[in-house]
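**Q** Could you have a look at this structure, given as structure tokens, before my questions?
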Amino acid sequence: MHGLTDALLGTLFTWFLTALGAACVLIVPRNRRDILDTSLGFSGGVMLAASYWSLLAPAFTLAEEQGWGSVACIPVGAGLVGGAVFVLAADCCIPDDVVGAITGAGREEEQLEDETQGQETVQRNGSDENSSGLRQRNLKSSNNDSNGSVAKDIPQSPSKPNIQQIRRLILLIIAITVHNFPEGLAVGVGYASVGRPGVDIQSAHNLALGIGLQNFPEGLAVSVPLKAAGYSTLSSFFWGQASGMVEPLAGVLGVLCVA
């Protein structure tokens, strides 16, 4: 089928850049409230820019070309309202017990990762007898301290994300995933249309490259808030790259629609 292989390779490339952006989670500290707030703001900026430059602006152009002229805002506005209603419906349809289960799973992963790191630390320190003796002496000294200085020296654990914050993260993943579907569809249509008037292989490559570059911060925008909220590095990366997983499927669908 004409363009199928190119469309599949192009959308796999855009998915790869999404995963590459999500891989930045490897350098982000876990369970940091300040990073969580900053990353959520970054995610909002990415989605705001993507919603206009990738969706609304091209929608206005297409509506004008199809004869809507000065009232092109009608079909575009209808689609905008429909998207907002979809996200609102998704928010209402997500049960609190599901969000609670996701929150609990994230904290179990965090606890397991902390225990693993703690065991590695103990094994490294256990080989040093002098260091071990020093820790024991410090422990006895701290137990005899009646001023409560131990409680002052122990750092307070960062606040855990509540159910509402986890719900926002889920909606972020849903929004970016749904947003990626028409992008994959556009890449598939672009490659399937090569050879038609005004469409060549270079323009299809440029479209895939532009969407792929945009997908890099989108993968980052999903994975970093999850890591900062306390989820493990592997889970954060998985959900970050998964937001772009729909693009190859949408690309194949775009080729089939043109064919």
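The values are calculated or read from the model by the stated rules, or taken from the named source; none is laboratory data. Computed from a prediction, not measured in an experiment: that's the story for all the values here. Please note: Cβ atoms are built from the backbone with ideal geometry, for glycine as well, and neighbour counts cover all protein chains shown. Note: areas computed on protein heavy atoms with side chains; ligands, DNA, RNA excluded. Shrake-Rupley method; radii C 1.70, N 1.55, O 1.52, S 1.80 Å.
**Q** Hey, can you tell me all the residues within segment 1-58 that are among the polar types (S, T, N, Q) and assigned to a helix (DSSP H, G or I)?
**A** The first filter runs over segment 1-58 and keeps only residues among the polar types (S, T, N, Q), leaving 5, 11, 14, 18, 31, 38-39, 43, 51, 54.
Selection gives THR5, THR11, THR14, THR18, THR38, SER39, SER43, SER51, SER54.
**Q** Six or more apart or on different chains, Cβ atoms under 7 Å: show the pairs whose first residue is in segment 220-238 and aromatic (Phe, Trp, Tyr) and whose second is at pLDDT 85 or above.
**A** As it stands, the answer is PHE237/ALA22; PHE237/ALA23; PHE237/VAL25; PHE237/SER223, since those pairs meet every condition given.
**Q** Here is a follow-up. Quick one: count up the residues across segment 11-31 that are open to solvent by 60 Å² or more (accessible area, probe 1.4 Å) and touching a Gly at 6+ places or on another chain (Cβ under 9 Å).
**A** The qualifying residues number 5.
**Q** Let me ask something additional. Test each condition in (1) among the polar types (S, T, N, Q); (2) under 15 Å from ILE174 (Cβ atoms); (3) free of Cβ contacts under 8 Å to residues at least 24 places away in the same chain for GLN202 and report the one that comes out false.
**A** Every listed condition holds for GLN202 apart from (2).
**Q** In segment 210-259, which residues are among the hydrophobic types (A, V, I, L, M, F, W, C), outside any helix (DSSP H, G or I) and either more than 15 Å from LEU172 (Cα to Cα) or open to solvent by 40 Å² or more (accessible area, probe 1.4 Å) (or both)? Give the steps one after another, and end with the answer.
**A** Of segment 210-259, the ones among the hydrophobic types (A, V, I, L, M, F, W, C) are 211, 213, 216, 220-222, 224, 226, 228-229, 234, 237-239, 242, 245-246, 249-250, 252-253, 255-259.
From what is left, the residues that are outside any helix (DSSP H, G or I) are 229, 245, 259.
Of everything in segment 210-259, those that are among the hydrophobic types (A, V, I, L, M, F, W, C), outside any helix (DSSP H, G or I) and either more than 15 Å from LEU172 (Cα to Cα) or open to solvent by 40 Å² or more (accessible area, probe 1.4 Å) (or both) turn out to be MET245, ALA259.
**Q** Here is a follow-up. Quick one: in segment 44-66, of everything that is touching a Pro at 6+ places or on another chain (Cβ under 8 Å) and more than 12 Å from ASN215 (Cα to Cα), which residue is least open to solvent (accessible area, probe 1.4 Å)?
**A** Taking the candidates together, the pick is ALA63.
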